[in-house]
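This report refers to the structure that appears directly beneath it.
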Amino acid sequence: MDRNPSPPPDQADGDEGEDLDAIGDTVYSKHWLFSTLTRLIQHSEENSEDQMQLSDDDEEDLCRVWDMAMDKDVAGFLQEFKAADILLGVIAKSHCPRLTEICVGILGNIACFPDTCATLSQNEDLGAVLLLLLGDADPPTLLETSRLLLTCLSQKDFCSLWLQRIRQQTSVCSSLCFIMSSSTNTDLLEKVGELIDKLFDLDEELMKCWITSRPSDEKERDGDISLELSLCLLEAAKQLRSESPDGLEVYLHIFQLLTTVEEGIQVFAAPDGPGKPLWEFVSDVLCEDLCQPNDLPVVLHEQKSILIQALSVLQALYRCYFLFTYLYKETSMSSSSNHN
């Protein structure tokens, strides 16, 4: 009986070898990924204090791993390979900002899937290091760290674990405040805003704690920069005003959340508090940037979301004004009675 000839032995073996080497259903090579991670370990162990730069080849390969980690099969393989522990070790030893950024970025992509996020979230050492990285001086590293934390907080099964860590690590608030008050990096300010918005949306008690903490309670970062949360939020919002309407909207929503608790109302109603400068800023945004006389209806429709946030903040601040007036009268009457 006639039949098709069998393929040459070397070709058949090659196809089978390629199938065994492929990660899941992808075309990515296990051998290549293994060798790249091995080189990464060696790079971190050899003269780490002198390694301030990555070679072009190493950077290209690691960025490829960063992109590959967005694939679920690759993320699962990295988990089996204990990549989180490897990357944590590299981050702990790294003196190269770009290397640290890439390692955190890879972890951020791995965390996008529930199973792999579970493994990362249960790693106590990794959790502690990531929160400390919020005090890093490198904006790209801060951006990837904020993105990773936001990704983990967005996974409902693991957010409580991260919230507990953040409550216990008091430096998180001051680190985020320092970023907001000193950075001009639009992407970073946007992501930090999203992170704080998520935290406050998930944990009202954390929001109350942060809004009432005074700069003197926090570890000083810079004598010329106030680390009071409300003022830092306002500074970041001002920075984003002309650069990112979406980012500004996030910060307005944070202010709106702060006005839903008594502690926030009291902060904004205080005579020397941030209520007046915030009112002036939001009013200026509303009158100068939004609702212009010549705007077409479609423009107003596009601005609907940010308009809602701006008006909600102004409404809350208006209530704060009456509270401040009442408190001022009560204080004045009490003072007069004492004098009499």
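Derivation of every value follows stated rules applied to the coordinates shown; laboratory data play no part. Note that the coordinates shown come from a computational prediction; the quantities given were computed from them, not determined experimentally. Here the Cβ positions follow ideal geometry from the backbone for every residue, glycine too, while neighbour counts run over all protein chains shown.
Taking the Cα centroid of the stretch 24-80 and of the stretch 83-100, what is the distance between the two, rounded to the nearest whole Å?
Measuring centre to centre over Cα atoms gives 11 Å.
For an R0 of 30 angstrom, estimate the FRET efficiency from the Cβ-Cβ distance between Gln169 and Asp115 and round to the nearest 0.05.
After rounding to 0.05, the efficiency reads 0.70.
Report the full-extension gain for the segment Lys82 to Ser305: residue separation times 0.36 nm, less the Cα-Cα distance, to one decimal in nm.
Taking 0.36 nm per residue and subtracting the Cα distance, the gain is 76.0 nm.
I need the phi-derived Karplus couplings for the stretch 169-181: 6.51 cos²θ - 1.76 cosθ + 1.60, θ = phi - 60°, integer Hz, Gly and Pro marked x.
Running phi through 6.51 cos²θ - 1.76 cosθ + 1.60 with θ = phi - 60° gives 8, 5, 6, 4, 4, 5, 5, 5, 4, 4, 4, 5, 8 Hz.
Using the count of nearby Cβ atoms within 10 Å as a rough guide to exposure, how do Lys191, Lys82, Lys156, Lys30 rank from fewest to most?
Lys156, Lys82, Lys30, Lys191
Quick check on the exposure proxy: order Trp162, Trp32 from fewest to most C-beta atoms within 10 angstrom.
Ranked by crowding around the Cβ, least crowded first: Trp32, Trp162.
Going through the cross-link list Lys82/Lys156; Lys30/Lys82; Lys30/Lys72; Lys30/Lys156; Lys276/Lys304, which pairs have a Cα-Cα distance over 20 Å in this structure?
Lys82/Lys156; Lys30/Lys156; Lys276/Lys304
Let's test the formula: R0 of 45 Å, r as the Cβ-Cβ distance of Glu288 and Lys72. What FRET efficiency results, to the nearest 0.05?
0.45
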